[in-house]
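K.L.:
Below: one structure in C-alpha cells.
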Amino acid sequence: MVNLIPSPEAVMQILQKTSAYRCGHFVSRRGRHSSHYFKVPMAFHFSDNARILAVGLSRKFRMDTITASHLPRIAVVSPSADGIPVAFSMRDALGGEQIYWATRENGRRQFPEYIKNFDINPCIVVDDIVRSGSSLRETYELLTNLGAKVVGFSAIIKFETAPKEIEGIEIKSLVEFDSPIYDSLEEWQAAETSDAPAELIAEF
C-alpha cells in the first residue's frame, strides 16, 4: 500500500524549497527573536505541494475512526488568514461539504454574523502552524458557542510548545518542530551561534 503521508523530512524540503521555511535571525514587531520563520501558505501557491501536504494531513483523519465516521459531512474551519489555503486544500482532500474561516478584528477572533444562519457540520479546525494552541482553542470556543461540534484539530507544523490535545481531541500534524523564541537580542545571541542579520517580521 502506498504511504500517502509524507515524512517530516519531505515536508520540510517542500517548505524550504518554496521559502515557506527559512533560517536566519528574525525579529517580531514585539521585539522577540528566533532563528526560524515559517510562512506555510507560500508552499500552497503550488498545486503539487498543496496536494501532497493536504492529502498527507487528511490521511491522519481518515485513519481516525471518530473523524472518519463523519466524512464527508464535515466542515473544515480555519482560525486565521494563513490557515485558509490549508483549509481549502484539506476540504478538497477530505471531500468535505463546508468551509469556514475566522477573522481578527480589534484583536478579537470572530466569525461573520451570517454563519449563524447555517447548520454547521461537525468541524475539523485546520491551521498552518500551532505554537501555543490559543488560536485553535479560541476557534473551538466560538464554534461550540454556535452549537457546532468539533471533532478534530490539525496543522502542518506543530511546535513542541503546543499542547498535544484540546478538550481531549488530539492535534494532528505533519511535522513537530522545536523553535525557541527569545525575549531579547542578548538571549538570542547567547543561545544561537549565528551572525545572521536581523530581519523584521510581523509575528511568529
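K.L.:
Given axes a ≥ b ≥ c from the Cα gyration tensor, I'd like to know whether region 1-129 is rounded (a/c under 1.5), prolate (a/b larger than b/c) or oblate.
P.N.:
oblate
K.L.:
Taking neighbour Cβ counts within 10 Å as the exposure measure, how do Phe111, Phe44 sort from fewest upward?
P.N.:
Phe111, Phe44
K.L.:
Quick one: dipole size for region 96-204, taken about the Cα centre, charges +1 on Lys/Arg Cβ and -1 on Asp/Glu Cβ, in debye to the nearest 20.
P.N.:
Rounded to the nearest 20 debye, it is 640 debye.
K.L.:
Right, something else. Only bridges with both residues in the chain count here: give the DSSP antiparallel percent, nearest 5.
P.N.:
30
K.L.:
Hey, if you put +1 on the Cβ of every Lys and Arg and -1 on every Asp and Glu Cβ in the chain, which of Ile66, Cys23, Leu142 ends up farthest toward the positive end of that dipole?
P.N.:
Most positive-ward Cα: Ile66.
K.L.:
Sort 84-92, 161-169, 195-203 for me by packing, meaning the mean count of neighbouring Cβ atoms within 10 Å per residue, highest on top.
P.N.:
Top of the packing list down: 84-92, 161-169, 195-203.
K.L.:
Another question about this same structure. Which pairs break 19 Å Cα to Cα here: Lys116/Lys158; Lys17/Lys172; Lys60/Lys164; Lys60/Lys158; Lys17/Lys39; Lys39/Lys158?
P.N.:
Check vs 19 Å cut-off fails for Lys116/Lys158; Lys17/Lys172.
K.L.:
Shifting gears a bit: Taking the Cα centre of the chain as origin and charging only Cβ (+1 Lys, Arg; -1 Asp, Glu), how large is the dipole, in debye to the nearest 20?
P.N.:
580
K.L.:
If you don't mind, there's one more thing I want to ask. For a quick check: with amide H placed at 1.01 Å from N, whose amide H comes under 5 Å from Glu97's, ignoring anything fewer than 5 positions away on the same chain?
P.N.:
Distant-sequence amide H within range of Glu97: Ile74.
K.L.:
Which of Leu185, Leu15, Leu53 ends up with the largest GNM mean-square fluctuation for the chain, with Cα atoms connected below 10 Å?
P.N.:
Leu185
K.L.:
Right, here's the next one. Please state the Cα pair-distance histogram of region 85-204 with 10 angstrom bins from zero: what percent is in each bin?
P.N.:
11, 37, 31, 15, 6, 0
K.L.:
Now, a different point. Which residue fluctuates the most in the chain, going by a Gaussian network model with Cα springs under 10 Å, if the choices are Ser134, Ser28, Ser19?
P.N.:
Looking only at Ser134, Ser28, Ser19, the largest GNM fluctuation is found for Ser28.
K.L.:
I've got another one for you. Which loop GluC sites (Glu not before Pro) in region 89-125, with loop taken from DSSP, have no more than 16 other Cβ atoms within 10 angstrom of their Cβ?
P.N.:
Glu97
Bear in mind that the values in this text are calculations on the coordinates, not laboratory data. Small disclaimer: the values here were computed from a predicted structure and weren't measured. No Cβ is skipped: glycine too gets one built from the backbone with ideal geometry, and neighbour counts run over all protein chains shown.
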